[in-house]
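Just below is one structure, and these are the notes that go with it.
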Amino acid sequence: MRKLLALIGFIIVCNLHALESTDMTVVLDANEAPPFFSASMPHDGMVGEIIYEISKASNIKTIINYKPLSRMIEDDSNNDLGNPAFFINNQDFNSIIPIIVYHMSFYYYSNDKNKKHIKIESLHDLKGSKIGVLKGSLINLLFFKNQGIVFVTSYSQESLFKKLRLKRVDYVIEVEFVGEFIINKLFPSQKDNFKSIKIQSNHNPIAIMLAEDEKDVDIITKKYREGLEKIIENGTYQRVINKYFPEQEITSDWLKNLNKFKELYNFGEEL
Amino acid sequence: MTKFTLKFLVFLVVLATVPLMATGPRISAHLIPTNKNEIFALDMPPFISTEVNRGGMLSEIVTVAFSEEKKEVAITIVPLRSMIKYYIVQENALAVMGRHVVLEKEYKTTFVSFPLYLASESYVYYKPLNENKIHYNGKLSSLQGLTYGASSGEDVKAYKKESIKVKQSRALSMFKKLKKGSVDFISLPKESVKWFLNEKFSDDKKDFTFIDGSDKLNPIKIYFNLSNAKGKELAAAFKKGFRKITKNGKYISILEKYEKNPSKVKSQLNYIDKSLK
């Protein structure tokens, strides 16, 4: 009898251990957006690597599946990665977990060292300017037209910065990380001539968005959230960001903004 | 034109209208934050929406009413009710507007509210899945056992009392859930139902139908937060400006862009006139 009880006990312990170490597999759809996500970069780019570390810390196997953005938006039963603003009009998510927050900046080109830095404090300061933006990113063209602002659109971010260098546009509006990444890639010897003006208070998150019908979605949400907290606390998060942007510090403002988006999309729920 | 060419052209149109990256910038009228009085509004086309000209009928009415009093406002349209809650609780927002945005008991603050439009709502179902399933006799008990697609923030106690299951959703998802059969009926303003069917479900809009006898009236309001230092002043300015535009014809001319039936426009005007007394 004792032997039988010991055997049952052993089996229960083994099963509990197996349950704990079982990897859950989650597929997240993303689209090519270097340096945030790219199949050609180690660990899928900067945010891809943060997700890899979160997954490791939370014992989840995460697969990033690349798709064109239009297909990601059209599919209303998938898990998505990106700025929730692009997706929440078309899909109800069970949970939205912001991973990083980015700012947008105005970039301009000037090789005149004596020229004062330009200030942009209102749309009035942009009157008569030509601004380069990525095709599809403009929400209200008529509004800007009435303000006397001209937009030049392009299918690729690299082409926008080439136009800026050739002074075919006065400014390019771009996500600060992306702008830096492209300037370093295309114009490493001229990078100091590219100046940027951060648009204050205009920040957006990149988040994991989990579908309503994802299996075990509440457990996965909890694990991802805990994993993110763990890697922020143990410095892994800072280390990954610094791999791509050596001077970027994870300040209290960074974390405050991250927390703001965490609350904004889930307010009223127990997080 | 071959089928392939047609498909390719459709693909090009889609490509041209969809942003290329889910992490790219979104450039809207709020690109550079201003010191204007910010009002947070919950998306519900055609009343409030970034997909409708001038932010929708009610965004235009509010902006025009304030401009009568030389006040500038910025209306920020958000997709989730949780975002409206966040701005009230965490940022002490000056004002919010929309359908089901405020249940007074949820907040420690007090609001002064004005109806902007009296919406006629009706239950809607998807005929191919529910033709013989729904027999509404004017009482909720006749819908027992079905699943109701409710809006976030909607008071659903009466449904639960009658053993009607409730699933909360955003408006576009409600229509998708009707088609999938994960909800059996929904309730939205008739103007919104027509907008969604024309804009998003034009191919099978005939399969969605209103449930006879389920009409009810629900005002869509703007709420000014009296805990915000500017709340009282802006509420008074709005009331004055709103009254002016109901007298000088501007309110009617905005309504007429969306409602072609003159008697419906007149009854809206009468309702607003009474509510402002």
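Some notes on this structure:
- Check on B:Asn53, more than 14 Å from chain A (Cβ to nearest Cβ) and modelled with pLDDT under 95: no
- One residue stands out in segment B:162-191 among those that are part of a helix (DSSP H, G or I) and away from every other protein chain (no Cβ under 14 Å): the one that is surrounded by the fewest Cβ atoms within 10 Å (Cβ to Cβ), namely B:Lys190.
- No other residue among A:Ile173, A:Ile220, A:Ile206 is surrounded by 14 or more Cβ atoms within 10 Å (Cβ to Cβ) and over 30 Å from B:Ser169 (Cβ atoms) apart from A:Ile173.
- Selected residue (criterion: nearest to the chain's Cα centre (by Cα)) from residues of segment A:33-89 that are facing chain B (nearest Cβ under 7 Å) and small (Gly, Ala, Ser): A:Gly82
- Which listed residue, of A:Lys215, A:Lys260, A:Lys167, is within 14 Å of chain B (Cβ to nearest Cβ) and either β-branched (Val, Ile, Thr) or out of contact with any strand residue (DSSP E or B) (no Cβ under 6 Å at 6 or more places or on another chain) (or both): A:Lys260
- Residue count for segment A:146-157, restricted to those that are out of contact with any helix residue (DSSP H, G or I) (no Cβ under 6 Å at 6 or more places or on another chain), under 22 Å from A:Ile118 (Cβ atoms) and either modelled with pLDDT under 80 or facing another protein chain (nearest Cβ under 9 Å) (or both): 1
Each row is one residue, and each column tells you yes or no for (1) in contact (Cβ under 8 Å) with a residue 12 or more places away in the chain; (2) loosely packed, with under 15 Cβ neighbours inside 10 Å; (3) in a loop (DSSP other than H, G, I, E, B).
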residue	(1), (2), (3)
B:Lys205	no, no, no
B:Ile222	yes, no, no
B:Glu233	no, yes, no
B:Lys257	yes, yes, no
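- Residue count, segment A:139-156 (criterion: aromatic (Phe, Trp, Tyr) and part of a strand (DSSP E or B)): 1
- Here A:Gly136 meets each of (1) farther than 30 Å from B:Lys167 by Cα; (2) part of a loop (DSSP other than H, G, I, E, B); (3) in contact (Cβ under 8 Å) with a residue 40 or more places away in the chain; (4) within 11 Å of chain B (Cβ to nearest Cβ) with one exception, condition (3).
- Only residues that are among the polar types (S, T, N, Q) and free of Cβ contacts under 8 Å to residues at least 12 places away in the same chain were counted in segment B:142-172, giving 1.
- Taking the criterion of being assigned to a helix (DSSP H, G or I) and closer than 15 Å to A:Phe36 by Cα, the residues of segment A:159-183 that qualify are A:Glu176, A:Phe177, A:Val178, A:Gly179, A:Glu180, A:Phe181, A:Ile182.
- Segment A:184-207 - residue that is among the charged types (D, E, K, R) and part of a strand (DSSP E or B) and, of those, farthest from the other protein chains (Cβ to nearest Cβ): A:Lys195
- Residue count for segment A:208-246, restricted to those that are farther than 13 Å from A:Ser55 by Cβ and assigned to a strand (DSSP E or B): 3.
- In segment B:68-92, the residues that are on the phi < 0 side of the Ramachandran plot and in contact (Cβ under 8 Å) with a residue 40 or more places away in the chain form Cβ pairs under 7 Å with partners that are among the polar types (S, T, N, Q) and exposed (fewer than 15 other Cβ atoms within 10 Å of the Cβ), at six or more places apart or across chains, as follows: B:Ala74/B:Thr34.
The values are calculated or read from the model by the stated rules, or taken from the named source; none is laboratory data. Since this is a predicted model, take the numbers as computed values, not measurements. Every residue, glycine among them, receives a Cβ derived from its backbone with ideal geometry; neighbour counts consider all protein chains shown.
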